[in-house]
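Single-structure report; data block below.
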Amino acid sequence: MSRFSRHTASVNRFRLRLRPSLCGARPKLCRRLHDTRGFTLAEQLISIVFLGLLCVVIAVGLNTAFQSYRLANESTRANELLTRAVEEVGDELAFASSVEVTGAGPTFVSPTTKQPVAIGNDADGSGIVLVSQNAGDDSAFDPVLLVASSHGLTVEVFDVAFNDDKTDNGKKNTWDFRIDIKQQGRDTVIASTAMTVAWIG
């Protein structure tokens with residue numbers, strides 16, 4: 001017998017002597033630790049149910065986070081579009097060359113087109129437009145898009161009015177208008193503002 005074989009045999013005998021003493025006080029625990037049969041059906045079902053519940057909780061949390069992000073993003077875009085619309089419409093009305101108030105509403109000579117126009121909303125929801133008031137004239141033109149709807153949001157202008165007389169608030173030669181931002185295809189208003197601008201002419 002070689003020296004290596006004798007050493008291996010003595011180590012094995014030592015292990016055999018040691019095993020009972022390690023398991024002495026807790027033989028049941030020792031048997032379970034050395035058990036190689038695997039998990040019972042009940043244990044596997046419990047772990048599957050637990051993993052399923054964990055996945056549901058994670059999915060609900062992710063869905064809530066994505067909804068919050070989408071709403072915040074939509075609100076930011078709506079406010080940006082509202083700011084741009086207020087600037088464009090306000091400048092168009094404030095710097096109009098002349099204003100005429102009729103039963104159909106105020107018309108003015110636009111600083112953009114240099115023609116008489118009325119301000120309104122495009123029929124297909126593409127934004128705020130300048131509509132030519134030269135009906136049947138050679139100088140008439142198709143509606144000019146002043147502020148375009150974008151990012152799934154529709155911009156609309158309402159209640160455009162020109163005040164040429166002094167009122168209780170001291171307003172004279174001012175324009176009033178309201179701008180709404182909605183989701184395309186819905187009537188839900190995301191952002192809105194009413195403005196008064198002085199007519200500079």
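General remarks:
- Tally of residues being over 24 Å from the mean Cα position of the chain (by Cα), surrounded by 10 or more Cβ atoms within 10 Å (Cβ to Cβ) and hydroxyl-bearing (Ser, Thr, Tyr) across segment 37-68: 1
- So residue 78, is it surrounded by 11 or more Cβ atoms within 10 Å (Cβ to Cβ) and more than 32 Å from the chain's Cα centre (by Cα): no
- So residue 113, is it modelled with pLDDT under 90 and surrounded by 13 or more Cβ atoms within 10 Å (Cβ to Cβ): yes
- Only a single criterion out of (1) closer than 30 Å to residue 191 by Cα; (2) hydroxyl-bearing (Ser, Thr, Tyr); (3) at pLDDT below 90 is not satisfied by residue 83, namely (3).
- Matching residues, segment 95-107, being touching a residue at least 24 places away in the same chain (Cβ under 8 Å) and either crowded, with 16+ Cβ neighbours inside 10 Å or over 10 Å from residue 162 (Cα atoms) (or both): 95, 96, 97, 98, 99, 106, 107
- Taking residues in segment 123-143 that are closer than 16 Å to residue 106 by Cα, and partners anywhere that are at pLDDT 80 or above and of a type in the set (D, E, K, R), the pairs with Cβ atoms closer than 6 Å and at least 6 places apart or on different chains are 129/122.
- Looking only at segment 142-201, and only at residues there that are of a type in the set (Gly, Ala, Ser) and part of a loop (DSSP other than H, G, I, E, B), the one that is farthest from residue 123 (Cα to Cα): 170
- Selection status of residue 126, buried (at least 18 other Cβ atoms within 10 Å of the Cβ) and either at pLDDT below 85 or of a type in the set (Gly, Ala, Ser) (or both): no
The values are calculated or read from the model by the stated rules, or taken from the named source; none is laboratory data. Fair warning: this is a prediction, and the values are worked out from it, not measured in the lab. Every residue, glycine as well, gets a Cβ built from its backbone with ideal geometry; the counts of neighbours run over all protein chains shown.
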